[in-house]
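**Student:** Take a look at this one; I'll ask things after.
The values are calculated or read from the model by the stated rules, or taken from the named source; none is laboratory data. None of the values given here were measured: they were computed from a predicted structure. Methodologically, a virtual Cβ is constructed for each residue, glycine included, from the backbone with ideal geometry; neighbour enumeration extends over all protein chains shown.
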Amino acid sequence: MAWLLLAAGCLMLALAYVLGISDNPPGIVLLLAGLFAVALGAIFSFVRGGRRSPTHQLLYWAPRALCIVFALFLSLFALDVFQEGRGVLETALALFLHLIPTFLLLILLALSWRREWIAGIIFPLLGVLYVVWAWNKPFGVLSTLLLMAGPPILTGALFLLNWYYRRKLREQF
């Protein structure tokens, strides 16, 4: 299963590269899906599942991998600070400021690694708050709203499922 996920993820990443990801929602979706498949494939390759079934292992690791992939995706938006022609200290400060949402997501992931209900509540709330905030903005088109709010809502739903089945998932570890 791990090699299949890795192969599918690499194929999606190659297609995303061919399509392009600059202002291209299908390319961005392929990038996110490819990164998610590669992350899950890497996790399944290196992590022992104990007595967990592949379904339980997928349920345990999918929200965590999706959160990491979404944090990487948000980090891509910080790369524009290198095109502004600033000095080293100003660029470092701008990069740090652009990466604050990524740091917050990773802190939230660390807090909810064993307390899945925290992420199950906060991630969907973040997705809904983004939709409310961006609704009447010029960039508030449906594709942008789905790309920016969809992964947190899906991550929260997966964490809630993880929390609901936590006894089955943890007794087989």
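**Student:** For the subset of region 113-129 comprising residues that are of a type in the set (D, E, K, R) and out of contact with any Leu (no Cβ under 8 Å at 6 or more places or on another chain), which member is surrounded by the most Cβ atoms within 10 Å (Cβ to Cβ)? Before the answer, list the steps.
**Tutor:** Filtering region 113-129 for residues of a type in the set (D, E, K, R) gives 114-116.
Subsequent filtering for residues that are out of contact with any Leu (no Cβ under 8 Å at 6 or more places or on another chain) retains 114-115.
Numbers: R114: 9, R115: 12.
Top of the filtered list is R115.
**Student:** Still on this model: Filter region 33-52 down to the residues that are surrounded by fewer than 18 Cβ atoms within 10 Å (Cβ to Cβ) and either among the charged types (D, E, K, R) or at pLDDT below 90 (or both) and list them by number.
**Tutor:** Across region 33-52, the qualifying residues are A42, S45, F46, V47, R48, G49, G50, R51.
**Student:** Follow-up. Here's a check for you: in region 8-32, which residue that is of a type in the set (G, A, S) and free of Cβ contacts under 8 Å to residues at least 24 places away in the same chain is surrounded by the fewest Cβ atoms within 10 Å (Cβ to Cβ)?
**Tutor:** So, considering only residues that are of a type in the set (G, A, S) and free of Cβ contacts under 8 Å to residues at least 24 places away in the same chain, the one surrounded by the fewest Cβ atoms within 10 Å (Cβ to Cβ) is S22.
**Student:** Just a yes or no: is a residue in region 82-98 surrounded by 18 or more Cβ atoms within 10 Å (Cβ to Cβ) and part of a helix (DSSP H, G or I)?
**Tutor:** Checking region 82-98: not a single residue is surrounded by 18 or more Cβ atoms within 10 Å (Cβ to Cβ) and part of a helix (DSSP H, G or I).
**Student:** Can you list residue pairs whose Cβ atoms sit under 6 Å apart, with the first residue in region 75-87 being in the same structural domain as I28 (by TED's automatic domain parsing) and over 15 Å from L104 (Cα atoms) and the second being of a type in the set (S, T, N, Q) and not in a loop (DSSP other than H, G, I, E, B)? Count only pairs 6 or more apart in sequence or on different chains.
**Tutor:** none
**Student:** Would region 140-161 turn up any residue that is exposed (fewer than 13 other Cβ atoms within 10 Å of the Cβ) and either at pLDDT below 90 or among the aromatic types (F, W, Y) (or both)?
**Tutor:** Of the residues in region 140-161, the ones exposed (fewer than 13 other Cβ atoms within 10 Å of the Cβ) are 141-142.
Filter again for either at pLDDT below 90 or among the aromatic types (F, W, Y) (or both), leaving 141-142.
Yes, region 140-161 contains at least one residue that is exposed (fewer than 13 other Cβ atoms within 10 Å of the Cβ) and either at pLDDT below 90 or among the aromatic types (F, W, Y) (or both).
**Student:** Quick one: which of L35, L58 is farther than 19 Å from M148 by Cα, within 19 Å of the chain's Cα centre (by Cα) and among the aliphatic types (A, V, I, L, M)?
**Tutor:** Details: L35 fails: farther than 19 Å from M148 by Cα.
Unique residue meeting the criteria: L58.
**Student:** Are there any pairs, at least 6 apart or on different chains, whose C-beta atoms fall under 8 Å, with the first in region 95-108 and in the same structural domain as F73 (by TED's automatic domain parsing) and over 15 Å from L79 (Cβ atoms) and the second in a helix (DSSP H, G or I) and of a type in the set (V, I, T), and if so, which?
**Tutor:** Final answer for the pair search is L106/I68; L108/I118; L108/I122.
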